[in-house]
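Trainee: I have a structure I would like to understand better, so I am pasting it below and will then ask my questions one at a time.
The values are calculated or read from the model by the stated rules, or taken from the named source; none is laboratory data. Just so we're clear, the structure is a prediction, and the values are computed from it rather than from any experiment. As a convention, Cβ positions derive from the backbone with ideal geometry for all residues, glycine included, and neighbour counts pool all protein chains shown. Surface accessibility is based on the protein's heavy atoms, side chains included, excluding ligands, DNA and RNA. Shrake-Rupley method; radii C 1.70, N 1.55, O 1.52, S 1.80 Å.
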Amino acid sequence: IMSKEDKYTAETITEITTWAPNLFSFKLTRYPGYRFIPGQFSRLGIRKEDGTIVWRAYSIVSASYDEFLEYFSIVVPDGEFTSRLSKLEVGDEVLVEKMNYGFLTTARFEEGKDLWMLATGTGLAPFISILYELETWDAYENIILVYSVREANELAYIEAIEGLKNHEYFGDFAHKFKFLPVVTREKFPGALEKRIPILLENGELEQELGLSLDPERSRIMICGNPEMVDDTRGWFTEHGYTVSRRSKPGHLALENLW
Ligand code: NAP
(Lines give C-alpha, C1' and ligand atoms only; values in the text may rest on other atoms or scores of the structure.)
Protein backbone atom coordinates (compact mmCIF):
# COMPACT_ATOMS: atom_id res chain seq x y z
CA ILE A 1 0.00 0.00 0.00
CA MET A 2 1.53 3.29 -1.05
CA SER A 3 1.29 6.32 1.20
CA LYS A 4 -0.09 9.60 -0.08
CA GLU A 5 3.36 11.10 -0.06
CA ASP A 6 4.78 8.14 -1.97
CA LYS A 7 7.84 8.42 0.25
CA TYR A 8 7.28 5.23 2.15
CA THR A 9 5.37 1.98 1.99
CA ALA A 10 3.49 0.24 4.77
CA GLU A 11 4.95 -3.23 5.27
CA THR A 12 3.95 -6.10 7.55
CA ILE A 13 5.99 -7.97 10.14
CA THR A 14 6.18 -11.61 9.04
CA GLU A 15 8.60 -13.07 11.58
CA ILE A 16 10.28 -12.15 14.86
CA THR A 17 13.32 -13.91 16.35
CA THR A 18 14.37 -13.24 19.92
CA TRP A 19 18.10 -13.80 20.50
CA ALA A 20 18.48 -12.54 24.05
CA PRO A 21 16.18 -10.60 26.39
CA ASN A 22 16.97 -7.25 24.74
CA LEU A 23 17.96 -8.42 21.30
CA PHE A 24 15.71 -9.42 18.44
CA SER A 25 15.39 -9.58 14.66
CA PHE A 26 12.33 -9.12 12.51
CA LYS A 27 11.34 -9.62 8.92
CA LEU A 28 9.08 -7.36 6.91
CA THR A 29 7.34 -7.81 3.61
CA ARG A 30 9.33 -6.08 0.88
CA TYR A 31 7.86 -3.68 -1.61
CA PRO A 32 8.92 -5.19 -4.96
CA GLY A 33 10.44 -1.89 -6.10
CA TYR A 34 12.64 -1.63 -2.99
CA ARG A 35 16.29 -1.71 -4.06
CA PHE A 36 19.40 -1.50 -1.90
CA ILE A 37 23.09 -2.29 -1.95
CA PRO A 38 24.27 -4.71 0.78
CA GLY A 39 25.58 -2.64 3.69
CA GLN A 40 22.97 0.09 3.33
CA PHE A 41 20.25 0.98 5.81
CA SER A 42 16.54 1.68 5.69
CA ARG A 43 14.57 4.27 7.54
CA LEU A 44 11.78 2.55 9.43
CA GLY A 45 8.74 4.28 10.88
CA ILE A 46 6.25 3.41 13.58
CA ARG A 47 3.02 5.28 14.09
CA LYS A 48 2.63 6.69 17.57
CA GLU A 49 -0.61 6.83 19.52
CA ASP A 50 -1.09 10.48 18.45
CA GLY A 51 -0.75 9.58 14.77
CA THR A 52 2.70 11.06 14.26
CA ILE A 53 5.45 8.77 12.99
CA VAL A 54 8.77 8.09 14.68
CA TRP A 55 11.60 7.13 12.30
CA ARG A 56 14.90 5.30 12.88
CA ALA A 57 17.69 4.07 10.65
CA TYR A 58 18.22 0.31 10.56
CA SER A 59 20.90 -1.54 8.64
CA ILE A 60 19.48 -4.22 6.39
CA VAL A 61 20.42 -7.78 7.37
CA SER A 62 18.76 -9.59 4.49
CA ALA A 63 20.32 -10.25 1.11
CA SER A 64 19.64 -7.98 -1.85
CA TYR A 65 17.72 -10.83 -3.54
CA ASP A 66 15.58 -11.91 -0.55
CA GLU A 67 11.87 -11.33 -0.92
CA PHE A 68 11.71 -9.92 2.60
CA LEU A 69 13.61 -7.23 4.51
CA GLU A 70 15.27 -8.20 7.76
CA TYR A 71 16.58 -6.01 10.59
CA PHE A 72 18.38 -6.60 13.90
CA SER A 73 17.62 -4.48 16.95
CA ILE A 74 18.31 -4.03 20.61
CA VAL A 75 15.67 -2.69 22.95
CA VAL A 76 16.84 0.67 24.28
CA PRO A 77 15.12 1.03 27.67
CA ASP A 78 12.52 3.80 27.35
CA GLY A 79 13.69 4.40 23.77
CA GLU A 80 11.04 6.17 21.76
CA PHE A 81 11.41 3.80 18.82
CA THR A 82 12.67 0.45 20.06
CA SER A 83 10.39 0.24 23.08
CA ARG A 84 7.45 0.49 20.64
CA LEU A 85 9.06 -1.75 18.05
CA SER A 86 9.71 -4.49 20.60
CA LYS A 87 6.01 -4.67 21.42
CA LEU A 88 4.90 -5.23 17.84
CA GLU A 89 3.81 -8.67 16.67
CA VAL A 90 3.63 -10.64 13.46
CA GLY A 91 0.99 -8.97 11.28
CA ASP A 92 1.67 -5.47 12.60
CA GLU A 93 2.71 -2.60 10.37
CA VAL A 94 6.11 -0.96 9.99
CA LEU A 95 6.68 1.88 7.51
CA VAL A 96 9.69 1.70 5.21
CA GLU A 97 11.00 4.77 3.44
CA LYS A 98 11.45 3.97 -0.23
CA MET A 99 14.86 5.61 -0.37
CA ASN A 100 17.70 3.73 1.21
CA TYR A 101 20.96 5.12 2.45
CA GLY A 102 24.54 4.62 3.41
CA PHE A 103 28.07 4.16 2.21
CA LEU A 104 29.09 1.06 4.14
CA THR A 105 29.34 -0.75 0.84
CA THR A 106 32.24 -2.48 -0.91
CA ALA A 107 31.72 -0.09 -3.85
CA ARG A 108 33.23 2.51 -1.55
CA PHE A 109 36.70 0.96 -1.93
CA GLU A 110 39.30 0.92 -4.60
CA GLU A 111 40.25 -2.67 -5.16
CA GLY A 112 41.79 -4.54 -2.27
CA LYS A 113 42.46 -8.19 -1.54
CA ASP A 114 41.15 -8.68 1.98
CA LEU A 115 37.84 -7.43 3.33
CA TRP A 116 37.82 -6.93 7.11
CA MET A 117 34.41 -6.43 8.73
CA LEU A 118 34.56 -5.30 12.37
CA ALA A 119 31.29 -5.20 14.31
CA THR A 120 30.03 -4.67 17.80
CA GLY A 121 26.53 -5.72 18.82
CA THR A 122 23.82 -5.06 16.24
CA GLY A 123 26.55 -3.52 14.07
CA LEU A 124 26.75 -7.06 12.69
CA ALA A 125 23.62 -6.44 10.58
CA PRO A 126 25.08 -4.94 7.39
CA PHE A 127 27.81 -7.56 7.30
CA ILE A 128 25.31 -10.40 7.10
CA SER A 129 23.82 -8.79 3.99
CA ILE A 130 27.30 -8.28 2.51
CA LEU A 131 28.25 -11.90 3.25
CA TYR A 132 25.16 -13.11 1.42
CA GLU A 133 26.25 -11.39 -1.79
CA LEU A 134 28.12 -13.46 -4.36
CA GLU A 135 30.06 -10.41 -5.57
CA THR A 136 31.70 -10.08 -2.17
CA TRP A 137 33.13 -13.59 -2.39
CA ASP A 138 34.28 -13.04 -5.96
CA ALA A 139 35.94 -9.73 -5.24
CA TYR A 140 38.19 -10.67 -2.28
CA GLU A 141 40.79 -13.31 -1.45
CA ASN A 142 40.09 -13.20 2.27
CA ILE A 143 36.94 -12.18 4.07
CA ILE A 144 37.21 -11.58 7.79
CA LEU A 145 34.38 -11.03 10.24
CA VAL A 146 35.12 -9.94 13.80
CA TYR A 147 32.03 -9.71 15.99
CA SER A 148 32.24 -8.31 19.52
CA VAL A 149 29.50 -8.65 22.13
CA ARG A 150 29.37 -8.36 25.90
CA GLU A 151 28.05 -11.85 26.64
CA ALA A 152 27.99 -15.01 24.58
CA ASN A 153 24.19 -15.20 24.45
CA GLU A 154 24.28 -11.96 22.44
CA LEU A 155 26.14 -13.66 19.58
CA ALA A 156 23.17 -13.58 17.21
CA TYR A 157 23.31 -15.09 13.71
CA ILE A 158 26.07 -17.50 14.73
CA GLU A 159 24.40 -20.37 12.90
CA ALA A 160 24.02 -18.35 9.71
CA ILE A 161 27.66 -17.26 9.92
CA GLU A 162 29.00 -20.72 10.56
CA GLY A 163 26.59 -22.15 8.01
CA LEU A 164 28.27 -20.14 5.24
CA LYS A 165 30.88 -22.93 5.07
CA ASN A 166 28.27 -25.38 3.85
CA HIS A 167 26.04 -22.92 2.03
CA GLU A 168 24.99 -23.99 -1.43
CA TYR A 169 26.27 -20.80 -3.09
CA PHE A 170 29.04 -19.68 -0.78
CA GLY A 171 30.41 -23.02 0.43
CA ASP A 172 32.92 -23.06 -2.45
CA PHE A 173 34.49 -19.94 -0.96
CA ALA A 174 34.75 -21.29 2.60
CA HIS A 175 38.55 -21.22 2.43
CA LYS A 176 38.36 -17.41 2.10
CA PHE A 177 36.35 -16.89 5.26
CA LYS A 178 37.67 -16.21 8.75
CA PHE A 179 35.27 -15.60 11.61
CA LEU A 180 36.39 -14.40 15.01
CA PRO A 181 33.92 -13.85 17.85
CA VAL A 182 34.91 -11.56 20.71
CA VAL A 183 33.08 -11.86 24.03
CA THR A 184 34.21 -9.13 26.39
CA ARG A 185 32.40 -9.81 29.65
CA GLU A 186 32.65 -13.55 30.11
CA LYS A 187 34.78 -16.49 29.06
CA PHE A 188 33.61 -18.21 25.90
CA PRO A 189 35.44 -21.00 24.06
CA GLY A 190 36.92 -19.89 20.75
CA ALA A 191 36.35 -16.18 21.43
CA LEU A 192 38.85 -13.48 22.26
CA GLU A 193 38.12 -11.32 25.31
CA LYS A 194 39.56 -7.87 24.73
CA ARG A 195 37.96 -4.98 22.84
CA ILE A 196 38.72 -4.66 19.12
CA PRO A 197 41.04 -1.60 19.33
CA ILE A 198 43.12 -3.38 21.98
CA LEU A 199 43.30 -6.53 19.86
CA LEU A 200 44.54 -4.38 16.98
CA GLU A 201 47.09 -2.58 19.10
CA ASN A 202 48.58 -5.70 20.72
CA GLY A 203 48.61 -7.70 17.49
CA GLU A 204 46.31 -10.42 18.84
CA LEU A 205 43.73 -9.95 16.11
CA GLU A 206 46.16 -10.56 13.26
CA GLN A 207 47.83 -13.37 15.13
CA GLU A 208 44.59 -15.18 15.91
CA LEU A 209 43.36 -14.84 12.32
CA GLY A 210 46.73 -15.71 10.80
CA LEU A 211 46.49 -12.73 8.48
CA SER A 212 48.31 -9.41 8.48
CA LEU A 213 46.76 -6.01 8.04
CA ASP A 214 48.34 -4.05 5.23
CA PRO A 215 47.01 -0.87 3.58
CA GLU A 216 47.91 -2.30 0.17
CA ARG A 217 45.63 -5.30 0.64
CA SER A 218 43.20 -4.59 3.46
CA ARG A 219 39.85 -2.86 3.15
CA ILE A 220 38.12 -2.30 6.45
CA MET A 221 34.50 -1.82 7.37
CA ILE A 222 33.60 -0.85 10.93
CA CYS A 223 30.07 -0.77 12.32
CA GLY A 224 28.59 -0.52 15.78
CA ASN A 225 29.09 1.34 19.02
CA PRO A 226 30.15 4.92 18.11
CA GLU A 227 33.05 4.89 20.57
CA MET A 228 34.29 1.62 19.14
CA VAL A 229 34.05 3.06 15.63
CA ASP A 230 36.04 6.12 16.72
CA ASP A 231 38.69 4.18 18.61
CA THR A 232 39.10 1.65 15.84
CA ARG A 233 39.28 4.31 13.15
CA GLY A 234 41.93 6.01 15.30
CA TRP A 235 44.12 2.92 15.25
CA PHE A 236 43.82 2.56 11.49
CA THR A 237 44.43 6.21 10.64
CA GLU A 238 47.55 6.14 12.81
CA HIS A 239 48.74 3.19 10.75
CA GLY A 240 48.40 4.71 7.29
CA TYR A 241 44.79 3.95 6.40
CA THR A 242 42.39 6.61 5.12
CA VAL A 243 38.63 6.90 5.28
CA SER A 244 36.93 6.46 1.90
CA ARG A 245 35.22 9.54 0.57
CA ARG A 246 32.91 9.73 -2.37
CA SER A 247 35.50 11.75 -4.27
CA LYS A 248 38.51 9.86 -2.94
CA PRO A 249 38.33 6.11 -2.25
CA GLY A 250 40.37 4.92 0.71
CA HIS A 251 40.71 1.92 3.00
CA LEU A 252 38.03 2.47 5.63
CA ALA A 253 34.23 2.62 5.60
CA LEU A 254 32.50 3.42 8.87
CA GLU A 255 29.04 3.44 10.34
CA ASN A 256 27.91 4.55 13.78
CA LEU A 257 24.84 2.73 14.97
CA TRP A 258 23.57 5.50 17.21
P1 NAP B 1 27.90 -2.25 23.55
O2 NAP B 1 28.23 -1.47 24.78
O3 NAP B 1 27.93 -1.54 22.27
O4 NAP B 1 28.86 -3.52 23.53
C5 NAP B 1 28.97 -4.41 22.45
C6 NAP B 1 30.42 -4.76 22.31
O7 NAP B 1 31.14 -3.58 21.96
C8 NAP B 1 31.03 -5.27 23.61
O9 NAP B 1 31.93 -6.30 23.29
C10 NAP B 1 31.74 -4.04 24.14
O11 NAP B 1 32.83 -4.33 24.97
C12 NAP B 1 32.22 -3.42 22.87
N13 NAP B 1 32.58 -2.01 23.04
C14 NAP B 1 31.90 -1.05 23.71
N15 NAP B 1 32.55 0.13 23.63
C16 NAP B 1 33.69 -0.10 22.92
C17 NAP B 1 34.78 0.70 22.51
N18 NAP B 1 34.85 1.99 22.81
N19 NAP B 1 35.76 0.12 21.80
C20 NAP B 1 35.70 -1.19 21.49
N21 NAP B 1 34.70 -2.00 21.84
C22 NAP B 1 33.70 -1.47 22.56
O23 NAP B 1 26.61 -3.03 23.85
P24 NAP B 1 25.18 -3.22 23.16
O25 NAP B 1 24.50 -4.16 24.06
O26 NAP B 1 25.31 -3.53 21.73
O27 NAP B 1 24.58 -1.78 23.30
C28 NAP B 1 24.67 -1.20 24.57
C29 NAP B 1 24.19 0.16 24.74
O30 NAP B 1 24.09 0.90 23.53
C31 NAP B 1 22.83 0.09 25.33
O32 NAP B 1 22.93 0.66 26.60
C33 NAP B 1 21.97 0.90 24.40
O34 NAP B 1 21.18 1.79 25.12
C35 NAP B 1 22.91 1.63 23.52
N36 NAP B 1 22.36 1.65 22.15
C37 NAP B 1 21.62 2.71 21.79
C38 NAP B 1 21.05 2.76 20.56
C39 NAP B 1 20.24 3.94 20.18
O40 NAP B 1 19.68 3.98 19.09
N41 NAP B 1 20.12 4.92 21.04
C42 NAP B 1 21.22 1.72 19.66
C43 NAP B 1 21.98 0.65 20.03
C44 NAP B 1 22.55 0.63 21.30
P45 NAP B 1 32.74 -4.08 26.58
O46 NAP B 1 32.02 -5.26 27.13
O47 NAP B 1 34.19 -4.04 26.97
O48 NAP B 1 32.04 -2.79 26.83
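Trainee: Between E216 and V76, what is the FRET efficiency for a Förster distance of 45 Å, r being their Cβ-Cβ separation, to the nearest 0.05?
Mentor: Details: r = 40 Å, r/R0 = 0.89.
Result of the calculation: an efficiency of 0.65.
Trainee: Which FRET efficiency, nearest 0.05, do K165 and Y101 yield, Cβ-Cβ r, R0 51 Å?
Mentor: Working: r = 32 Å, r/R0 = 0.62.
Calculated value: 0.95.
Trainee: Roughly speaking, what is the stretch gain from E89 to K187, that is 0.36 nm per residue apart minus the C-alpha to C-alpha distance, in nm to one decimal?
Mentor: Length gained between E89 and K187: 31.9 nm.
Trainee: Bin by bin, in steps of 5 Å, what percent of the Cα pairs in segment 117-190 do you find, going until the bin that has the longest distance?
Mentor: 3, 16, 29, 25, 15, 9, 3, 0
Trainee: While we're on this one: What dipole magnitude, in Debye to the nearest 20, does segment 9-79 give about its Cα centre under +1 on Lys/Arg Cβ and -1 on Asp/Glu Cβ?
Mentor: Working: 7 positive and 8 negative charges, 42 e Å.
In total the dipole reaches around 200 debye.
Trainee: Another question, then. Please work out how much accessible surface T12 shows to a 1.4 Å probe, ignoring ligands, DNA and RNA, in Å² rounded to 10.
Mentor: 50 Å²
Trainee: Would you kindly state the longest site-free stretch of the chain, with sites defined as GluC sites (Glu not before Pro) in a DSSP loop (not H, G, I, E, B) surrounded by at most 13 other Cβ atoms within 10 Å? Don't jump to the answer; show the numbers that get you there.
Mentor: On the way: sites that count: E5, E49, E67, E80, E89, E110, E111, E141, E151, E168, E186, E216.
That gives 6-48 as the longest site-free run.
Trainee: Less than 15 Å from a label point 7 Å out along the Cα-to-Cβ axis of E15: which backbone N atoms in segment 87-122 qualify, by residue?
Mentor: Taking a point 7 Å out along Cα→Cβ of E15, the residues of segment 87-122 whose backbone N falls under 15 Å are 90-91.
Trainee: Dividing the convex hull volume of the alpha carbon atoms of segment 103-249 by its residue count, what do you get in Å³ per residue? Numbers along the way, then the final one.
Mentor: Working: hull volume 15.5 nm³, N = 147.
Residue-normalised Cα hull volume stands at 106 Å³.
Trainee: Sticking with this one: Using the structure shown, select from K98/K178; K27/K165; K7/K165; K165/K194; K98/K165; K7/K248 the pairs with a Cα to Cα distance greater than 28 angstrom. Show your work: numbers first, answer last.
Mentor: On the way: K98/K178 34 Å; K27/K165 24 Å; K7/K165 39 Å; K165/K194 26 Å; K98/K165 34 Å; K7/K248 31 Å.
Cα-Cα > 28 Å for K98/K178; K7/K165; K98/K165; K7/K248; rest within.
Trainee: Please give the helix 226-238 orientation as an angle from the longest Cα principal axis of the chain, in degrees from 0 to 90, rounded to the nearest 10.
Mentor: The helix 226-238 is inclined about 30 degrees to the chain.
Trainee: If the chain between D172 and Q207 were fully stretched, how many nm would it gain, using 0.36 nm times the residue separation less the Cα-Cα distance? All intermediate terms of the calculation are to be shown ahead of the outcome.
Mentor: Details: separation 35, 0.36 × 35 = 12.60 nm, distance 2.50 nm.
Net length gain for the segment: 10.1 nm.
Trainee: Follow-up question, since we're still on this one. With a cap of 13 neighbouring Cβ atoms within 10 Å, and only residues DSSP puts in a loop, list the trypsin sites (Lys or Arg not before Pro) found in segment 168-212. Write down the numbers at each step before the final one.
Mentor: On the way: sites: K176, K178, R185, K187, K194, R195; in loops: R185, K187, K194, R195.
Qualifying residues, ordered by number: R185, K187.
Trainee: In debye, nearest 20, what is the charge dipole magnitude of the chain about its Cα centre with +1 on Lys and Arg Cβ and -1 on Asp and Glu Cβ, if you could check?
Mentor: Working: 28 positive and 41 negative charges, 115 e Å.
The calculation lands at about 560 debye.
Trainee: Using +1 at the C-beta of Lys and Arg and -1 at the C-beta of Asp and Glu, which of S129, T106, S86 has the Cα lying farthest in the positive direction of the dipole of segment 84-158?
Mentor: S86
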